[in-house]
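Trainee: Take this structure, written in structure tokens, and hold onto it; I'll ask about it next.
The values are calculated or read from the model by the stated rules, or taken from the named source; none is laboratory data. The structure displayed is predicted, hence computed values, not measured ones. Reconstructed Cβ throughout: ideal geometry from the backbone, glycine too, with neighbour counts over all protein chains shown.
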Amino acid sequence: MKKERVDILLVQQGLFTSREQAKRAVMAGQVVGKNEERLDKPGEKIDPEIRLRVKGQVNPYVSRGGFKLAKALDVFKINLKDLLVLDIGASTGGFTDVSLQHGARMVYALDVGYNQLAWKLREDDRVKVMERVNFRYSQPQDFDEGLPDFAVTDVSFISLKLILPPLTKVLKPDGGLVALIKPQFEAGREAVGKHGIVRDRRVHESVLNEILTFAETTGFKVCGLDFSPITGGSGNIEFLAYFKLEPQAIVQRSFDAEIKQVVDEAWQVLLAK
């Protein structure tokens, strides 16, 4: 049987998202293998069937992004049991992982990129890998296991305004959506500060109002709004929104009070850490 490097196996088994992270953990003495034997050489080749463990690892998901969706499912009281879920912008698979752990029957892991999905998810029969797919051009017939009951999305370098319209075509009637709203990719360039960080709460409020209003004019009812429990990779405050597809005409309403409350809480909690 062909053996594999320890650092590569750690990534393939979904314990880390990059070999560099895996190497650091190995050299720090945090990785154990068969019979709890410590593995301290990243390049050591071992049987790929050995299940590795990282001592003290507390992240139950393949990426830290999983904590974002986990909070949304809890706060908005969403039940994914036996649902067919679409993960738009799956990347490593944090949202896919959380969906499965919360009972999803199957997940379409869709991303415009390639070879990013954690190995343990790639090998899971409940995951339909859809790589090199630009969701903006997706059609109902692209989903050969059936139209999704629910969608989740965490996308970068693109506005949700380009995601919501095509989603109305592929989501089942009354389907739900949890979307991560990233002000750094929604606000104009002039509103984003150094290192790509939005430092003005007025920009947060403006972006949220714009996205929620757009969603309702597109056919989604706004059912909930909160802030992400962790910041983005660069330190940006991000937000979680829960929508339900309701194609009938929706009377537009003001979100000002709700938005202000959520933004104020986000700044108090996340910037105090």
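Trainee: Any residue that is assigned to a strand (DSSP E or B) and touching a helix residue (DSSP H, G or I) at 6+ places or on another chain (Cβ under 7 Å) - is there at least one of those in the range 133-140?
Mentor: Step one: list which residues in the range 133-140 are assigned to a strand (DSSP E or B), which gives none.
Taking every residue of the range 133-140 in turn, none turns out to be assigned to a strand (DSSP E or B) and touching a helix residue (DSSP H, G or I) at 6+ places or on another chain (Cβ under 7 Å).
Trainee: OK, next. Kindly establish whether VAL207 is aliphatic (A, V, I, L, M), part of a loop (DSSP other than H, G, I, E, B), farther than 20 Å from PHE95 by Cβ and assigned by TED's automatic domain parsing to the domain that holds LEU147.
Mentor: Working: aliphatic (A, V, I, L, M): yes; part of a loop (DSSP other than H, G, I, E, B): no; farther than 20 Å from PHE95 by Cβ: yes; assigned by TED's automatic domain parsing to the domain that holds LEU147: yes.
Taking the combined requirement at face value, the residue does not satisfy it.
Trainee: What is the residue count in the range 42-78 for residues that are over 18 Å from ALA28 (Cα atoms) and under 17 Å from the mean Cα position of the chain (by Cα)?
Mentor: Residues in the range 42-78 being over 18 Å from ALA28 (Cα atoms) and under 17 Å from the mean Cα position of the chain (by Cα): 18 in total.
Trainee: For LEU69, are the conditions met, namely being in contact with a Phe, Trp or Tyr (Cβ under 6 Å, 6 or more places away or on another chain), modelled with pLDDT of 90 or more and not acidic (Asp, Glu)? Can you show your working first?
Mentor: Numbers: in contact with a Phe, Trp or Tyr (Cβ under 6 Å, 6 or more places away or on another chain): yes; modelled with pLDDT of 90 or more: yes; not acidic (Asp, Glu): yes.
Yes; evaluated as a whole, the condition is true for this residue.
Trainee: Here is a further query. Given the condition under 23 Å from LEU208 (Cα atoms), among the β-branched types (Val, Ile, Thr) and not in a strand (DSSP E or B), answer yes or no: does some residue in the range 102-122 qualify? Please lay out each step first, then the result.
Mentor: Going residue by residue through the range 102-122, those that are under 23 Å from LEU208 (Cα atoms) are none.
Looking through the range 102-122, none of the residues is under 23 Å from LEU208 (Cα atoms), among the β-branched types (Val, Ile, Thr) and not in a strand (DSSP E or B).
Trainee: Shifting gears a bit: Determine which member of the set ASP144, ASP174 is in a loop (DSSP other than H, G, I, E, B), surrounded by fewer than 18 Cβ atoms within 10 Å (Cβ to Cβ) and touching a residue at least 60 places away in the same chain (Cβ under 8 Å).
Mentor: Numbers: ASP144 fails: touching a residue at least 60 places away in the same chain (Cβ under 8 Å).
Of ASP144, ASP174, the one residue that is in a loop (DSSP other than H, G, I, E, B), surrounded by fewer than 18 Cβ atoms within 10 Å (Cβ to Cβ) and touching a residue at least 60 places away in the same chain (Cβ under 8 Å) is ASP174.
Trainee: So which of GLU216, GLU246 ends up being buried (at least 16 other Cβ atoms within 10 Å of the Cβ) and out of contact with any helix residue (DSSP H, G or I) (no Cβ under 7 Å at 6 or more places or on another chain)?
Mentor: Numbers: GLU246 fails: buried (at least 16 other Cβ atoms within 10 Å of the Cβ).
The match here is GLU216.
Trainee: Then there is this: Quick test for you: out of PRO229, PRO247, pick the one residue that is modelled with pLDDT under 95 and within 20 Å of LYS71 (Cα to Cα).
Mentor: So the residue among PRO229, PRO247 that is modelled with pLDDT under 95 and within 20 Å of LYS71 (Cα to Cα) is PRO229.
Trainee: Under the condition of being farther than 25 Å from ALA70 by Cβ and basic (Lys, Arg), which residue from the range 120-141 is surrounded by the fewest Cβ atoms within 10 Å (Cβ to Cβ)?
Mentor: If we take residues in the range 120-141 being farther than 25 Å from ALA70 by Cβ and basic (Lys, Arg), then ARG132 is surrounded by the fewest Cβ atoms within 10 Å (Cβ to Cβ).
Trainee: If you scan the range 54-80, which residues turn out to be exposed (fewer than 14 other Cβ atoms within 10 Å of the Cβ), over 25 Å from VAL262 (Cα atoms) and in contact (Cβ under 8 Å) with a residue 24 or more places away in the chain?
Mentor: LYS55, GLY56, GLN57, PRO60
Trainee: So is THR153 surrounded by 15 or more Cβ atoms within 10 Å (Cβ to Cβ) and either within 19 Å of SER99 (Cα to Cα) or in contact with a Leu (Cβ under 6 Å, 6 or more places away or on another chain) (or both) or not?
Mentor: Numbers: surrounded by 15 or more Cβ atoms within 10 Å (Cβ to Cβ): yes; either within 19 Å of SER99 (Cα to Cα) or in contact with a Leu (Cβ under 6 Å, 6 or more places away or on another chain) (or both): yes.
Criteria met by THR153.
Trainee: Any residue in the range 208-219 that's within 16 Å of PRO166 (Cβ to Cβ) and in contact (Cβ under 8 Å) with a residue 12 or more places away in the chain: show its pairings with residues that are polar (S, T, N, Q) and surrounded by fewer than 18 Cβ atoms within 10 Å (Cβ to Cβ) at Cβ separation under 6 Å, as long as the two are six or more apart or on different chains.
Mentor: GLY219/THR168
Trainee: Would you list the helices (runs of 4 or more DSSP H) that sit entirely within the range 1-98 and hold 3 or more residues that are assigned by TED's automatic domain parsing to the domain that holds ILE163 and within 30 Å of ASP174 (Cα to Cα)?
Mentor: On the way: elements: 6-12, 19-27, 66-75.
Output list reads 66-75.
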